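Chemist: One structure follows; several queries about it will come next.
The values are calculated or read from the model by the stated rules, or taken from the named source; none is laboratory data. It should be emphasised that the depicted structure is a prediction, and the values quoted were computed from it without experimental measurement. In this analysis, Cβ positions are derived from the backbone assuming ideal geometry, glycine residues included, and neighbour counts consider all displayed protein chains.
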Amino acid sequence: MALTDWTAHHGDFFADTSCVVTGGAGFIGFHLCEALLSLGGSVTVLDDLSRGSAENVEALRARGGDRLAFSEHSIVDGARTRDTLAGADFVFHQAAWGSVPGSVDDPAGYHAVNTTGTMNVLEAARDGGVKRVMFAASSSAYGDTEVLPKVETMPVLPRSPYAANKVACEAMVRAWACSYGRAGGRGDLDTVSLRYFNIFGPRQNANSAYAAVIAAFAKALLNGERPKIHGDGTQSRDFTFVDNAVHANLLAARSDGTLGGAVFNVACGEAVTINELAERMASLLGRPDLTPEHGLDRAGDVKHSLADLDAARAALGYEPVVDFEAGLAATVAWYRESLAAATA
Ligand SMILES: NC(=O)c1ccc[n+]([C@@H]2O[C@H](COP(=O)([O-])OP(=O)(O)OC[C@H]3O[C@@H](n4cnc5c(N)ncnc54)[C@H](O)[C@@H]3O)[C@@H](O)[C@H]2O)c1
């Protein structure tokens, strides 16, 4: 069940709009599509199912009926991407390969999908008369500086091919707004980059070797195993329930002014250590006996990550809609139910 009443926040703005969600068969994209459908929008999922699932698309079809369309192809295919985006009002660009270690192993593959794919999306948007592209950027742009909280005016210091892809895309997102948009006076395209901080929630993949920490802990605890922590667990993150990322995207789409490729942090603004996380999850699942196992530090991991939200508050009116505790409880409940359903 959705935690957030989207109509209370966004009224009827999206009714009768036409939206494309790239990566809509994946975790964050799914929740964006679900919110847009609940708000009366028509949604096209553009996804090649390389990481997302056909079940997610079917679940969206069950909610949206003929307001949900599915274009199954890669954003690397510029011509098909152009066809899919033609005439859309808004594009929520979530499609990407998302693993930092995966990008270290395959930088060329990541560049093709994440960087060239994003350029294809921007070109298709400008060609297709799209009003605004919302780009899924990443807090990995900040690198490992120790200064907290992270403010958008800090220099970008990517440390992996994945982070470099995301920073390159932010630059294109801005350049396309300036060159082909209201910001430069040559067209109508507007764009924005939303730097997500550790998004979590139902449907996040727990089965990948690179699963995000909450998904990985849920899987371990539900299988009766001790969660594995890299290092001493005192590292902290700004864990952000997925509804907050959806909310920021919807606010950005609705924004009256010209965003001109600006960059905004999207987070909860609260630091939680990995040790606290493991303890809370074990307690929510009734397994406080499953204390974490500590391994070696993971190379390249930043010690702490916490977002400053002032810019997003001022420009978009962003305020988190679901706090960490409520989001974690809903997420843990979802993993428990989905495991029970899988083993029934
Ligand atoms: N989850 C996070 O904490 C987080 C943090 C920062 C940024 N992001 C970004 O948010 C976006 C969504 O992340 P997610 O966690 O939902 O990941 P996800 O892997 O669940 O979803 C990504 C989706 O994109 C699709 N996709 C991948 N390559 C494609 C291609 N070439 N063409 C078409 N579709 C393709 C996949 O099949 C998948 O459905 C990504 O851009 C990611 O980099 C996520």
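Chemist: Does Leu277 qualify as being within 16 Å of the ligand (Cβ to nearest atom) and closer than 30 Å to Asp5 by Cα?
Modeler: For Leu277, the condition - within 16 Å of the ligand (Cβ to nearest atom) and closer than 30 Å to Asp5 by Cα - is met.
Chemist: Return the residues of the stretch 189-212 that are of a type in the set (A, V, I, L, M), more than 10 Å from the ligand (Cβ to nearest atom) and either buried (at least 23 other Cβ atoms within 10 Å of the Cβ) or within 12 Å of the chain's Cα centre (by Cα) (or both); say none if nothing qualifies.
Modeler: The answer is Leu189, Val192.
Chemist: Related question: Which residues, taken from the stretch 142-151, are surrounded by fewer than 19 Cβ atoms within 10 Å (Cβ to Cβ), under 23 Å from Trp97 (Cα atoms) and under 19 Å from the mean Cα position of the chain (by Cα)?
Modeler: The one that is surrounded by fewer than 19 Cβ atoms within 10 Å (Cβ to Cβ), under 23 Å from Trp97 (Cα atoms) and under 19 Å from the mean Cα position of the chain (by Cα): Gly143.
Chemist: Go through the stretch 76-117 and give me each residue that's more than 9 Å from the ligand (Cβ to nearest atom), β-branched (Val, Ile, Thr) and closer than 12 Å to Cys169 by Cβ.
Modeler: Selection gives Thr115, Thr116.
Chemist: Here is a further query. Looking only at residues that are in a loop (DSSP other than H, G, I, E, B) and touching a strand residue (DSSP E or B) at 6+ places or on another chain (Cβ under 8 Å) in the stretch 304-320, which one is surrounded by the fewest Cβ atoms within 10 Å (Cβ to Cβ)?
Modeler: For the stretch 304-320, the residue satisfying everything is Asp308.
Chemist: Report yes if Lys131 is near the ligand (Cβ under 9 Å from one of its atoms), basic (Lys, Arg) and touching a residue at least 24 places away in the same chain (Cβ under 8 Å), otherwise no.
Modeler: Criteria not met by Lys131.
Chemist: Condition (residue is modelled with pLDDT under 95 and either touching a Ser or Thr at 6+ places or on another chain (Cβ under 8 Å) or within 14 Å of the ligand (Cβ to nearest atom) (or both)) applied to the stretch 44-58: is it met by at least one residue?
Modeler: no
Chemist: Looking at Glu279, Glu270, can you tell me which residue is surrounded by 14 or more Cβ atoms within 10 Å (Cβ to Cβ) and free of Cβ contacts under 8 Å to residues at least 40 places away in the same chain?
Modeler: Only one candidate passes the filter, namely Glu279.
Chemist: For the stretch 173-189, give me the residue count where each residue is assigned to a helix (DSSP H, G or I) and either in contact with a Pro (Cβ under 6 Å, 6 or more places away or on another chain) or of a type outside the set (Phe, Trp, Tyr) (or both).
Modeler: So the answer is 6.
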